[in-house]
Every structure is written in C-alpha cells, then in structure tokens.
Amino acid sequence: MFRHLMTSTALTAGLVLSTPLLAQDEPSAEMIVATVGETEITLGHMLSLRAGLPQQYDQVPPEVLFKGVLDQLVQQTLLMKAHEGDPSLAAQMQLDNERRAILAADVAEDVLNDVLTDAALQEAFEARYADADPETEYKAAHILVETEAEAKKLIEEIEGGANFASLAQEHSTGPSGPSGGDLGWFGDGVMVPEFFDAVAALGEGGVSAPVQTQFGWHVIQLKETRIKERPALDEVREELAGELRQAAFDAYIAELEAESTVARDAGDALDPALINQTDLLEN
C-alpha cells in the first residue's frame, strides 16, 4: 500500500509540511501531527513507520516522504475505524505475532546493548588474539584434473622443466585455471583437509604428489608462506560484537527458559507438514 502512496505522492513534491508540526519549536515523538476523529497520530508514529521502510526510500525527498507516511497513517486509521466486529482469525494471529515480536525485540535490544561495552570488546579481543599461536598462511597454486594418471603425467612434465602456470592454464578444470592455478593466500580451515595438509607439508617452491579430494585430483605448488599478523581491534570489532551479542542472547534465553515452564509436546506430536497449511486461517 505504501509503495502505491509514494508513487502517487511523488507528484506532489512541492507540498509543504504539516501545519501542526511547523507550529512547534521543538519537535518530539509525542507531537500530534494529525487527528482522525478522536484518534491522534503523532510524529512518533510517523518515525516508527519510516524506520521500517526499505533503504530505497532514503532517496525520496523529505517533503514527499513526509506526506506519504502521514497519508499512509491517516488511511490506515480510517480503515481501522471502519472495521466492525472482532478481527478475522488471520488478522488476530498476525496481531498476536506482531505484538510478540515487537515486545521481544524491545527486551532483546536492551540485553544486547548492555553487553557491548568497550571493556567487553577489549576482553574478547585479548582472549581471541593475545595468546593465540601464530598462524601460518600459504600462497599456492594447483592444477585440477579428473584422474590420478593425468596428475602424475603433469608432475613428470613439471619435473622436466615445464611451467606450472602454463600447464594449469592448459589442463586445469578448476576455476583458477585461467589464472595459472593461483589460489592466493589462505590459512587453515579454508581448503578441504586433504588439500590443506598437502600444502602444509610442502616447502616453498615444492610440488606435491597427486592429491585426491571430492573435486578431483590436484597437483599443488606452494609458492610462499607467511605469519598472519594480529589484526587491530577495529578490524574485528563487528565480528566480536556479533559473537558477544549471540552469547548474551543465548544466555538470557536459557535463563528465561530455566525460570519458565516451556512445554512443546503438543506441537512436537503434530505432522510438520501442517506448517504449510495456511488455509486453516480461513476458518
């Protein structure tokens, strides 16, 4: 609905802002910007709706966006007042879920914000990197072929003086073939174990025996090694913050569950296929 309103209100870019808002010197979320009968619409309602809009609305001129949001809230209020009787089952379920989600998010935000102190981030950083063993990174290239016999033949050619990169460009079936098989720099955990173990066993400039992985047969050349530098806190701040948030969230949920009675037996006994039977909401 709002997308349609924004399309139509784009023609009214020259309109001025709401008079009630301009009449105030110091805007606040409680400021009344419109009334529909006895129902008040505040600047806070507008800002809440605005905060949930997709990013593309950042490009909409403020005078257009303001009117579009206010029109949306006025129209919704008119429709709400026109509603007679109890909400439909589908509407009631949606209202329940949205209230649950909004209040849950309000609590979660407080929990997660409390844990993100500079001291906590520094402590997490030190725990992760201060006493960590130096990590070796490897720069390697490979030639990927389908059979061990092909790999052995390529090794013979390399031992005879053939250029590794040229052979990779000619024979490798992997995506790095056109670039001479170059894989760039990587550390432990990036490559499959069989491949990484073979790389780690090589000396710089060395070429491996045929190595089999789920992708095929590899001939690997180790070009260089280096010790990975410890990152600065700012480089890993977001990663650490995410981990702290997740740990705090998990701990808080566990605490709430321990203090509550949560019984899932009735749901666990149902056929999981029911999750797709949305027509039950039409009853």
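Observations
- From the list GLY52, GLY85, the one residue that fits, being under 30 Å from the mean Cα position of the chain (by Cα), modelled with pLDDT under 95 and under 30 Å from LEU281 (Cα atoms), is GLY52.
- Filter result (among the polar types (S, T, N, Q) and either surrounded by 11 or more Cβ atoms within 10 Å (Cβ to Cβ) or under 20 Å from the mean Cα position of the chain (by Cα) (or both)) within the range 96-116: ASN113
- Matching option when the condition is among the aliphatic types (A, V, I, L, M), within 30 Å of ARG128 (Cα to Cα) and either more than 30 Å from the chain's Cα centre (by Cα) or not assigned by TED's automatic domain parsing to the domain that holds ALA124 (or both), among LEU167, LEU202, LEU154, LEU240: LEU202
- Counting the residues of the range 26-49 that are under 33 Å from the mean Cα position of the chain (by Cα) and either surrounded by 15 or more Cβ atoms within 10 Å (Cβ to Cβ) or small (Gly, Ala, Ser) (or both) gives 9.
- Taken together, GLU63, GLU98 contain a single residue that is of a type in the set (Asp, Glu) and closer than 30 Å to ASP279 by Cβ, which is GLU98.
- Boolean, GLN92 is of a type outside the set (D, E, K, R), outside the structural domain of VAL236 (by TED's automatic domain parsing) and farther than 30 Å from GLU229 by Cα: no
- Out of LEU70, LEU11, one residue alone is at pLDDT 95 or above and part of a helix (DSSP H, G or I). It is LEU70.
- Of the residues ILE275, ILE227, ILE220, ILE253, the single one that is farther than 21 Å from GLU159 by Cβ and in contact (Cβ under 8 Å) with a residue 24 or more places away in the chain is ILE227.
- Qualifying residue in the range 128-146 (condition: of a type in the set (Asp, Glu) and in a helix (DSSP H, G or I)): no
- Considering ALA119, ALA132, the condition of being surrounded by 10 or more Cβ atoms within 10 Å (Cβ to Cβ) and of a type in the set (A, V, I, L, M) is satisfied by ALA132 alone.
The values are calculated or read from the model by the stated rules, or taken from the named source; none is laboratory data. Small disclaimer: the values here were computed from a predicted structure and weren't measured. Note that each Cβ is placed from the backbone with ideal geometry, even for glycine, and that neighbours are counted across all protein chains shown.
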